[in-house]
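> Have a look at this one.
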Amino acid sequence: MRERILTGAVGILLMLLALFLPVKEGLFFWLAVVVIAVIGLGEFYQACQKKGALPDTLTGYAAVFIFLLSARYDRSRSVPLAILPAGLTLLILGAMAREVFNPKRRPVLNIGVTAVGAIYSGWLFTYFIHLRSVEGALYPKFVYSLSGGMQNAFAHTGPWLLLFVLLCTWACDSLAYFVGKAAGKIKLAPDLSPGKTVEGAVGGWAGTVLAGLAVGAWIGLPAAHALILAALLGVTGQIGDLAKSAVKRDIGIKDFGVLLPGHGGVLDRFDSLLFNVPVAFYYFMFVVKI
């Protein structure tokens with residue numbers, strides 16, 4: 001437990017530093033996401049190799065880099081229209097072409113693993129960049145007061161929206177874990193994750209809602225949107241966790257890696273966020289219309 005808490009605390013501090021450090025329009029944050037996505041893709045490919053898959057790793061890494069590069073230069077929402085199809089085309093054509101020359105060819109399995117890995121640990125991570133890049137006039141009250149009413153370089157909308165999602169997700173994970181340990185009796189999905197309980201899931205959802213209302217009030221997000229989005233994230237985040245468990249169960253592994261003591265690998269730590277960040281991005285874009 002001590003190892004888990006220490007790793008989580010260090011990870012949160014590093015994430016916040018990357019999130020709010022104003023270096024060349026979020027370059028530091030972009031580089032951090034690139035590193036995380038690449039490590040996650042490596043974990044996914046290595047795990048699937050245990051099931052006999054031979055993913056086209058070179059094509060997968062190249063596609064992920066293109067995905068993240070498109071997110072980096074997505075300022076007008078028009079650049080990805082040109083770059084993203086290039087990444088998808090490379091991913092499919094490269095993986096299929098490799099199977100022609102693969103003496104141990106299993107095209108359906110190998111191409112599927114190559115594509116799913118690049119999309120799961122590449123495409124979905126682009127939403128971290130997209131959400132952080134959102135411009136607007138949403139400023140937490142304490143930043144506004146400290147800056148004397150002037151706009152602050154640390155406080156443009158995107159980082160605070162992403163912080164909202166991070167805190168909601170972390171609250172869900174923490175409350176689900178502790179409530180499940182203390183009062184969990186009814187198994188939630190014993191065939192996927194024997195340790196998860198209905199009581200823990202409800203506790204995690206409640207924690208997400210409470211965190212969403214608190215953080216929403218802090219950053220100036222209307223209470224109705226904070227409540228609706230937090231309630232949604234409390235569900236989708238746990239689905240993301242179970243989806244990862246389903247993949248691990250199929251492969252026959254306990255964790256995707258050992259990089260994060262007490263947590264496993266990158267994909268073990270970001271499973272809920274890989275569902276929640278895209279959901280929040282589209283909610284902010286089409287419902288809140290920030």
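The values are calculated or read from the model by the stated rules, or taken from the named source; none is laboratory data. Note that the structure is predicted; figures quoted are calculated from it, not measured. So basically every Cβ, Gly included, is an ideal-geometry build from the backbone, and we count neighbours across all protein chains shown.
> So, residue 211, is that one at pLDDT 90 or above and farther than 16 Å from residue 239 by Cα or not?
Values: at pLDDT 90 or above: yes; farther than 16 Å from residue 239 by Cα: yes.
Criteria met by residue 211.
> Here's a follow-up. Scan (1) within 14 Å of residue 160 (Cβ to Cβ); (2) modelled with pLDDT of 90 or more; (3) more than 22 Å from the chain's Cα centre (by Cα) for the single condition residue 229 breaks and write down its number.
(3)
> Is there a residue in the stretch 276-290 that is outside any helix (DSSP H, G or I), within 23 Å of residue 135 (Cβ to Cβ) and in contact with a Ser or Thr (Cβ under 8 Å, 6 or more places away or on another chain)?
yes
> Let me ask another. Restricting attention to the stretch 218-274, report how many residues are touching a Pro at 6+ places or on another chain (Cβ under 7 Å) and without any contact (Cβ under 8 Å) to a residue 12 or more places away in the chain.
Summing the residues that are touching a Pro at 6+ places or on another chain (Cβ under 7 Å) and without any contact (Cβ under 8 Å) to a residue 12 or more places away in the chain in the stretch 218-274 gives 0.
> Something else: Just the residues that are surrounded by fewer than 23 Cβ atoms within 10 Å (Cβ to Cβ) and either within 21 Å of residue 267 (Cα to Cα) or in contact with a strand residue (DSSP E or B) (Cβ under 7 Å, 6 or more places away or on another chain) (or both), please, taken from the stretch 79-108.
Answer for the stretch 79-108, where residues must be surrounded by fewer than 23 Cβ atoms within 10 Å (Cβ to Cβ) and either within 21 Å of residue 267 (Cα to Cα) or in contact with a strand residue (DSSP E or B) (Cβ under 7 Å, 6 or more places away or on another chain) (or both): there is none.
> Go through 185, 181 for me and flag whichever is without any contact (Cβ under 8 Å) to a residue 40 or more places away in the chain, surrounded by fewer than 16 Cβ atoms within 10 Å (Cβ to Cβ) and assigned to a loop (DSSP other than H, G, I, E, B).
Answer to the selection: 185.
> Of the residues 234, 216, 204, which single one is over 19 Å from the mean Cα position of the chain (by Cα) and within 14 Å of residue 168 (Cα to Cα)?
216
> Condition check: modelled with pLDDT under 90 and of a type in the set (Val, Ile, Thr). Does residue 219 satisfy that?
yes
> Name every residue in the stretch 237-252 that is over 20 Å from residue 200 (Cα atoms) and either part of a helix (DSSP H, G or I) or within 21 Å of the chain's Cα centre (by Cα) (or both), in order of residue number.
Within the stretch 237-252, 247, 248, 249, 250, 251 meet the criteria.
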